[in-house]
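Okay, structure first, notes after.
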Amino acid sequence: METLWQSVVEAGRMLVSGDLSLYGIIGLSLRVSGISIAIAMAIGVPLGYLMGSRRFVGRRLVQVLVNTGMGLPPVVAGLTVYILLSRTGPVSELWASLSGSIPPRMLFTLPAMIFAQVVISTPLVTGVTAAAIGSVPVELRLQARSLGASSWQEATLVIKEARRGVMAAVVAGFGGIISEVGAVMMVGGNIEGQTRVMTTAIVLESRKGNFGIALALGFILIGIAFVINNGLTALQYSGGRYER
Amino acid sequence: MSARTPACTRTPIIVGEDIEVRYHKRSVLTVERFELCNGETHAILGPSGSGKSTLLRILGLLEKPTRGHVALDGRSVEPGDKSARMMMAAVFQNPYLFKGTVGENVAYGLALRKIPKRERADRVAAALERVGLGGTQKSSALRLSGGEAQRVALARALVLEPRILLLDEPLSYLDPLIKRRLVTDFSEILSAEGVTALYVTHDQDEAMVVADRVSIINEGHVIRSGDVDEVMTLPTTPWVADFIGMDAALHGTIVGAEEGIADITVESEYIHARTDLPVGTHVLIGIRPEDVMLFAADAELPLSSARNRLRMQVASIERMGSTDRVSLSSNGMRVAASVSRAAARELDLRPGSEVMALFKATSVRVQSAVGVPAGV
């Protein structure tokens with residue numbers, strides 16, 4: 001009990017003192033997950049729009065992949081990326097056979113972590129976006145077209161109409177990866193100052209018995225989740241009087 | 001089956017030819033030729049599922065037919081033709097306003113057309129004024145009543161000054177009071193704008209108020225088409241007659257004529273009608289039930305200009321909302337009359353009873369039967 005209390009005090013002290021290594025970890029976490037969610041949105045929002053509004057060849061297959069992806073355990077995503085990027089993996093082999101040179105190390109780098117997080121969050125963004133787009137009535141799209149909208153302008157309008165759902169997709173995706181530990185641990189390796197992020201640091205510090213740092217990071221993680229979720233929720237409900 | 005609309009006296013603006021639409025290998029619409037004339041309001045009238053909205057979407061370039069083509073000003077056009085689509089604007093059954101303000105909604109099409117902001121604001125204000133919602137630009141579009149929302153939807157289309165306005169059951173979601181008011185407003189706006197309009201409805205009263213011409217469609221086929229008062233008074237087939245609530249047109253022969261009033265034999269009955277057709281012509285005759293007045297058989301008839309006074313037998317009585325529709329016959333001729341419920345009670349109408357039916361010679365619609373296939 002005393003240890004726990006000491007840990008809470010220690011956590012507060014670290015936060016206030018502006019411990020550089022602590023802030024480095026937080027910054028890295030935000031950077032990795034921020035870039036990942038940006039990429040996931042770039043892929044997932046258009047794909048979700050297509051899935052929610054069009055019939056196309058292979059739609060069913062995409063649907064199955066997305067549904068599977070939404071339930072994919074992060075650690076399995078990490079394992080898959082690990083195998084793909086390892087020295088003996090297919091990417092390295094392809095590199096070697098194409099360029100004839102020894103491929104660079106790909107595992108335990110930021111791009112590898114981003115890759116894994118994109119794999120985890122893209123299905124989430126796609127799936128939730130598709131559901132949101134699908135709930136916009138077909139007639140509304142017909143109405144837009146009948147006023148002269150091109151398919152592109154129609155898509156913009158529909159996404160705007162479904163913006164609450166699309167934002168929920170982004171929140172779900174970001175929440176999934178900022179708090180995820182399995183994949184970043186596996187492909188990032190938790191290298192201090194390079195690939196150590198909040199979740200992996202929490203695991204490591206708890207194992208070492210440094211509950212102060214672990215808790216401090218935990219508070220911050222909760223705080224970040226709180227700020228982001230509330231910020232996005234506020235954004236979602238802004239202009240509420242114009243909403244259905 | 002006419003399967004085609006009569007040719008326009010003015011130039012047609014849209015012509016659909018050999019149109020066929022199939023969904024899941026089932027044909028839902030087959031139209032040999034449809035002409036929308038410049039400046040007219042053309043109602044497409046039919047029951048639910050008859051293919052009328054599909055026809056509107058085809059002619060309005062919102063959907064590609066399985067077969068056939070659509071021409072605009074004599075030029076073949078497709079849904080991908082942006083300049084053609086820019087000439088049209090639609091109002092649907094459900095207004096489907098977009099999130100945002102009333103002003104943003106009305107400005108939507110203008111923004112797509114890259115109209116400068118200042119001009120946009122002026123045109124939006126004018127359009128809202130025209131539909132009776134002046135000054136509501138800043139209100140939320142999603143907090144309007146059904147009638148207001150539909151007015152905004154109309155303003156959103158009118159503001160584009162389209163050459164062709166597509167109206168797909170624009171009033172059918174509204175309650176009767178609002179609907180009555182909007183029918184009149186819509187019809188005034190349409191005639192004032194001089195815009196060409198395609199107006200889909202299942203409500204014949206609505207069609208009669210707004211339209212110049214009407215096409216009746218059933219099970220994917222245009223079965224009757226022409227000027228609104230002709231189509232609505234002279235049902236040439238039993239189905240059309242039933243749909244518009246009349247008896248099928250009667251067949252008769254003109255046996256005498258004097259000063260534009262013809263004497264016509266129908267079965268073994270004899271009536272007067274205003275027409276310039278010559279003696280000997282075989283004709284179709286229609287009388288709207290509202291134009292037939294009923295009196296007790298022994299009553300002293302009022303002084304009236306009604307030339308036709310027939311003693312008729314009540315065949316059946318059907319309740320229709322606020323009125324009763326009474327089917328009458330006399331010497332083989334059948335006519336329907338529409339009477340108020342109170343009048344029906346006062347006359348003690350029942351099958352078999354006798355009444356006097358009065359109607360004016362000018363209320364009898366007459367058309368040459370030549371060229372109209374019998375019994376379709």
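The values are calculated or read from the model by the stated rules, or taken from the named source; none is laboratory data. Just so we're clear, the structure is a prediction, and the values are computed from it rather than from any experiment. All Cβ positions, glycine included, derive from the backbone under ideal geometry; neighbour counts span all protein chains shown.
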Quiz item: Do any residues in region A:51-62 that are closer than 18 Å to A:GLU154 by Cα have Cβ atoms under 6 Å from those of residues that are surrounded by 10 or more Cβ atoms within 10 Å (Cβ to Cβ) and among the hydrophobic types (A, V, I, L, M, F, W, C), where the two are at least six apart or on different chains, and which pairs are they?
Solution: A:MET51/A:ALA130; A:GLY52/A:ALA130; A:GLY52/A:ILE133; A:SER53/A:ILE133
Quiz item: Looking at (1) surrounded by fewer than 20 Cβ atoms within 10 Å (Cβ to Cβ); (2) within 24 Å of B:PRO176 (Cα to Cα), can you tell me which one B:ASP122 breaks?
Solution: (2)
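Which one is surrounded by the fewest Cβ atoms within 10 Å (Cβ to Cβ), of the residues in region B:322-337 that are touching a helix residue (DSSP H, G or I) at 6+ places or on another chain (Cβ under 9 Å) and among the aliphatic types (A, V, I, L, M)?
Applying the first criterion (touching a helix residue (DSSP H, G or I) at 6+ places or on another chain (Cβ under 9 Å)) to region B:322-337 yields B:322-326, B:335-337.
Pick out the ones that are also among the aliphatic types (A, V, I, L, M) and you get B:326, B:335-337.
Numbers: B:VAL326: 27, B:VAL335: 28, B:ALA336: 21, B:ALA337: 28.
Ranking the qualifying residues of region B:322-337, first place goes to B:ALA336.
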Self-check item: Residues located in region B:108-137, provided they are within 11 Å of another protein chain (Cβ to nearest Cβ) and of a type in the set (Lys, Arg)
Solution: B:ARG113, B:LYS114
Exercise. Run down A:ILE202, A:ILE213, A:ILE222, A:ILE191 and say which single residue is over 18 Å from the mean Cα position of the chain (by Cα) and either surrounded by fewer than 19 Cβ atoms within 10 Å (Cβ to Cβ) or of a type in the set (Ser, Thr, Tyr) (or both).
Key: A:ILE191
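Which of the following residues is more than 21 Å from B:GLU219 (Cβ to Cβ) and either part of a helix (DSSP H, G or I) or under 23 Å from the mean Cα position of the chain (by Cα) (or both): B:ARG57, B:ARG10, B:ARG33? Give the steps one after another, and end with the answer.
Values: B:ARG57 fails: more than 21 Å from B:GLU219 (Cβ to Cβ); B:ARG33 fails: more than 21 Å from B:GLU219 (Cβ to Cβ).
The unique qualifying residue is B:ARG10.
Can you tell me which of B:ARG57, B:ARG22, B:ARG85 is away from chain A (no Cβ under 13 Å) and not hydroxyl-bearing (Ser, Thr, Tyr)?
The conditions single out B:ARG22.
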Quiz item: Which one of these is surrounded by 15 or more Cβ atoms within 10 Å (Cβ to Cβ), assigned to a loop (DSSP other than H, G, I, E, B), within 14 Å of chain B (Cβ to nearest Cβ) and among the small types (Gly, Ala, Ser): A:ALA155, A:ALA144, A:ALA149?
Solution: A:ALA149
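For (1) touching a residue at least 60 places away in the same chain (Cβ under 8 Å); (2) in the same structural domain as B:LEU198 (by TED's automatic domain parsing); (3) among the polar types (S, T, N, Q), each residue gets a yes or a no:
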position	(1), (2), (3)
B:ALA141	no, yes, no
B:GLY147	no, yes, no
B:VAL152	no, yes, no
B:VAL159	no, yes, no
B:LEU165	yes, yes, no
B:SER172	yes, yes, yes
B:ILE178	no, yes, no
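Do we find that A:ILE102 is part of a loop (DSSP other than H, G, I, E, B) and either without any contact (Cβ under 8 Å) to a residue 40 or more places away in the chain or under 24 Å from A:SER29 (Cβ atoms) (or both) in this structure? Show your work before the answer.
On the way: part of a loop (DSSP other than H, G, I, E, B): yes; either without any contact (Cβ under 8 Å) to a residue 40 or more places away in the chain or under 24 Å from A:SER29 (Cβ atoms) (or both): yes.
Against the criterion (part of a loop (DSSP other than H, G, I, E, B) and either without any contact (Cβ under 8 Å) to a residue 40 or more places away in the chain or under 24 Å from A:SER29 (Cβ atoms) (or both)), A:ILE102 qualifies.
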Quiz item: Does region B:194-205 hold any residues that are surrounded by fewer than 24 Cβ atoms within 10 Å (Cβ to Cβ) and under 17 Å from B:TYR173 (Cα atoms), and which are they?
Solution: B:HIS202, B:ASP203, B:GLN204, B:ASP205
Quiz prompt | In region A:3-18, the residues that are polar (S, T, N, Q) and in contact (Cβ under 8 Å) with a residue 12 or more places away in the chain | solution = A:THR3, A:GLN6, A:SER7
Quiz item: Just for region B:44-54: of the residues that are polar (S, T, N, Q) and in a helix (DSSP H, G or I), which one is nearest to the other protein chains (Cβ to nearest Cβ)?
Solution: B:SER53
Quiz prompt | Subset of region A:116-141 (residues that are in a loop (DSSP other than H, G, I, E, B), under 17 Å from A:VAL45 (Cβ atoms) and within 13 Å of chain B (Cβ to nearest Cβ)) | solution = A:VAL136
Practice problem: Please work out which one of (1) at the interface with chain A (Cβ under 9 Å from one of its Cβ atoms); (2) hydroxyl-bearing (Ser, Thr, Tyr); (3) over 20 Å from B:VAL131 (Cβ atoms) is the condition B:THR101 fails and give its number. | Solution: (3)
Quiz prompt | Enumerated helices (runs of 4 or more DSSP H) restricted to region B:70-174, each holding at least 1 residues that are under 30 Å from B:THR30 (Cα atoms) | solution = B:82-85, B:146-158
Practice problem: Kindly indicate whether any position in region B:254-274 is among the polar types (S, T, N, Q), more than 13 Å from the chain's Cα centre (by Cα) and assigned by TED's automatic domain parsing to the domain that holds B:ALA192. | Solution: no
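If we keep just the residues of region B:211-259 that are part of a loop (DSSP other than H, G, I, E, B) and farther than 28 Å from B:SER329 by Cβ, which is modelled with the lowest pLDDT?
B:GLU259
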Quiz prompt | Candidate set: region B:148-173, residues that are surrounded by fewer than 20 Cβ atoms within 10 Å (Cβ to Cβ) and farther than 18 Å from B:ARG123 by Cβ; chosen: the one nearest to the other protein chains (Cβ to nearest Cβ) | solution = B:TYR173
